[in-house]
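**Q** This is the structure I have questions about; it appears just below.
The values are calculated or read from the model by the stated rules, or taken from the named source; none is laboratory data. Predicted model, so just to flag it, every value in this text is computed and none were measured. Cβ placement follows ideal geometry from the backbone for every residue including glycine, while neighbour counts extend to all protein chains displayed.
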Amino acid sequence: MKRLEPYWYIVIAFVVIAAVLFGWHLVTGQTPSRVAFSIFGFDIYWYGIWIIAGIAAGAYTVSRLALERAQRSYTAAVPDDVQQRPLDETALPEDLQQPLQAGGMGTLGDVLWEVGSDPARSGLKKPERAQLMEALTAEPDVDPQWLADLHHGGSGTLIMSGTRLSSFSFWE
């Protein structure tokens, strides 16, 4: 049985809360007060809570869906052998491997994912990131096109397998 995505629990909770409030209204014939509570004399209205909660739930849902799509695009574009290759089997300089491994990136795939998502997440300083980009471009099984925009100071757009994938296909 497929597991329900976490954002559905949030959606279900909203529906249940709304149903309970509506049911209470139908049973009692009373409409709840417009004011949910007050903070230092400032009234917080129910509609404001619902709007903010809806925006937060929507943002969370979109971020989860974007991450899932990015992971699918990354997995499709980067071959398994490249993703699984341990860093110590690459030509990356040892002075770059150590901080990357300390940051939890033990494979070439981990490095490509983190650098492709956001180069600053690599934990390296700017000059080291530039050195990393050069070393990755020189890596035999890494397509230099994957890193083209990142290498030129782009905003995190990767080009994989000849197809432009804006931030791993977030927007396509």
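**Q** Please find, within the range 19-40, the residue that is nearest to ILE51 (Cα to Cα) out of those that are at pLDDT 90 or above and in a loop (DSSP other than H, G, I, E, B).
**A** The extreme case among them is ARG34.
**Q** Select, from SER33, SER38, the only residue that is without any contact (Cβ under 8 Å) to a residue 24 or more places away in the chain, small (Gly, Ala, Ser) and exposed (fewer than 10 other Cβ atoms within 10 Å of the Cβ).
**A** SER38
**Q** I'd like the full set of residues that are more than 28 Å from PRO6 (Cα to Cα) and surrounded by fewer than 13 Cβ atoms within 10 Å (Cβ to Cβ), limited to the range 68-85.
**A** Of everything in the range 68-85, just one residue is more than 28 Å from PRO6 (Cα to Cα) and surrounded by fewer than 13 Cβ atoms within 10 Å (Cβ to Cβ), namely ASP81.
**Q** In addition: I'd like to check which helices (runs of 4 or more DSSP H) are fully inside the range 48-117 and have at least 2 residues that are modelled with pLDDT under 90. Let's see the steps before the verdict.
**A** Details: elements: 80-84, 94-102, 108-117.
The helices (runs of 4 or more DSSP H) meeting that bar are 108-117.
**Q** I would also like to ask the following. Part of a loop (DSSP other than H, G, I, E, B) and modelled with pLDDT of 75 or more - does that describe any residue in the range 142-149?
**A** Yes, because at least one residue in the range 142-149 is part of a loop (DSSP other than H, G, I, E, B) and modelled with pLDDT of 75 or more.
**Q** Another question, then. Quick check on LEU4: is it hydrophobic (A, V, I, L, M, F, W, C) and surrounded by 11 or more Cβ atoms within 10 Å (Cβ to Cβ)?
**A** Here the answer is no, as LEU4 does not meet what is asked.
**Q** Can you find a residue in the range 7-18 that is assigned to a strand (DSSP E or B), surrounded by 12 or more Cβ atoms within 10 Å (Cβ to Cβ) and either among the hydroxyl-bearing types (Ser, Thr, Tyr) or in contact with a Gly (Cβ under 8 Å, 6 or more places away or on another chain) (or both)?
**A** Within the range 7-18, not a single residue is assigned to a strand (DSSP E or B), surrounded by 12 or more Cβ atoms within 10 Å (Cβ to Cβ) and either among the hydroxyl-bearing types (Ser, Thr, Tyr) or in contact with a Gly (Cβ under 8 Å, 6 or more places away or on another chain) (or both).
**Q** Just for the range 118-130: of the residues that are surrounded by 16 or more Cβ atoms within 10 Å (Cβ to Cβ) and part of a helix (DSSP H, G or I), which one is farthest from the chain's Cα centre (by Cα)?
**A** Of everything passing the filter in the range 118-130, GLU128 is farthest from the chain's Cα centre (by Cα).
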